[in-house]
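Chemist: Pasting a structure here, questions to come.
The values are calculated or read from the model by the stated rules, or taken from the named source; none is laboratory data. Keep in mind it's a predicted model, so treat the numbers as computed, not measured. Ideal geometry is used to build each Cβ from the backbone, glycine not excepted, and the neighbour counts take in all protein chains shown.
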Amino acid sequence: MTWLSTLYPWIKAFHVIAVVAWMAGLFYLPRLFVYHAERAERGSALEETFLVMEGKLLRLIMRPAMIAAWLAGLALIAMGALDFGAVWGWAKLGGVVAMTVFHIWLARRARDFAAGTNTLGGRSWRMANEVPTLLLVVIVVAVIVRPF
C-alpha cells in the first residue's frame, strides 16, 4: 500500500463534503434569483441585500466548494476510482462538467443582476432551480447503481 492510498478515504470524504457544499449553493442561488427578480426594485435596499447574498454565496461558498470538489475528484481519478471503461464513469464526468457549466452560467447571471440587466423572470429561475436536481440524480445513479 502506497502512502497515497492511505489517504484515499480522506480524499473521498473531502470530495463528498465539497460536493454537498457546492450542491447547496447550486440549489440556493437560483432560488435567490427568483426572489430577486420578483421582489427587488432596482436600487432598493432589498436589491442591495440580494446582491450581497448572491455575491457572498458565489465567492465564499460555491466557488471554493466547486474547486475543492474538482481537485479531490481529480485525485480520486488519479487513484483509479473512476472506471473510464464503463459508461457510468463517463456519465458521472459528463454530469460534473454540466454542473460546472451551470455554475459558470449562474455566476454570469449574478453579474447581470448586479448590472441591472437581468432578463429572466421568476418562472424561468424556478425552472433553472431544477437543473441541479436532475444533474444530481444522473451523477448519483451513475456512481451508485451503475446501470450502464
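Chemist: Of everything in the range 4-46, what is in contact with a Lys or Arg (Cβ under 9 Å, 6 or more places away or on another chain) and either free of Cβ contacts under 8 Å to residues at least 24 places away in the same chain or not hydrophobic (A, V, I, L, M, F, W, C) (or both)? Give them in sequence order.
Modeler: Scanning the range 4-46 gives GLY25, PRO30, ARG31, LEU46.
Chemist: Something else about it: If you scan the range 44-95, which residues turn out to be in contact with a helix residue (DSSP H, G or I) (Cβ under 9 Å, 6 or more places away or on another chain), of a type in the set (Gly, Ala, Ser) and under 22 Å from PRO9 (Cβ atoms)?
Modeler: ALA65, ALA68, ALA69, ALA72, GLY73, ALA75, ALA78, ALA81, GLY89
Chemist: Something else: Please list, ordered by first then second residue, the pairs with beta carbon atoms under 6 Å, 6 or more apart or interchain, first in the range 137-148 and surrounded by 14 or more Cβ atoms within 10 Å (Cβ to Cβ), second of a type outside the set (Phe, Trp, Tyr).
Modeler: Going by the 6 Å Cβ cut-off, the qualifying pairs are VAL138/GLY95; ILE139/LYS92; ILE139/GLY95; ALA142/ALA91; ALA142/LYS92; VAL143/LYS92.
Chemist: Give me the residue from the range 63-103 that is over 19 Å from the mean Cα position of the chain (by Cα) and buried (at least 17 other Cβ atoms within 10 Å of the Cβ) and, out of that set, modelled with the lowest pLDDT.
Modeler: In this case the residue turns out to be LEU82.
Chemist: Here's something else I'd like to know. Out of (1) touching a helix residue (DSSP H, G or I) at 6+ places or on another chain (Cβ under 7 Å); (2) assigned to a helix (DSSP H, G or I); (3) closer than 30 Å to TRP3 by Cα, what's the single condition that is false for LEU136?
Modeler: Of the numbered conditions (1) touching a helix residue (DSSP H, G or I) at 6+ places or on another chain (Cβ under 7 Å); (2) assigned to a helix (DSSP H, G or I); (3) closer than 30 Å to TRP3 by Cα, the odd one out for LEU136 is (3).
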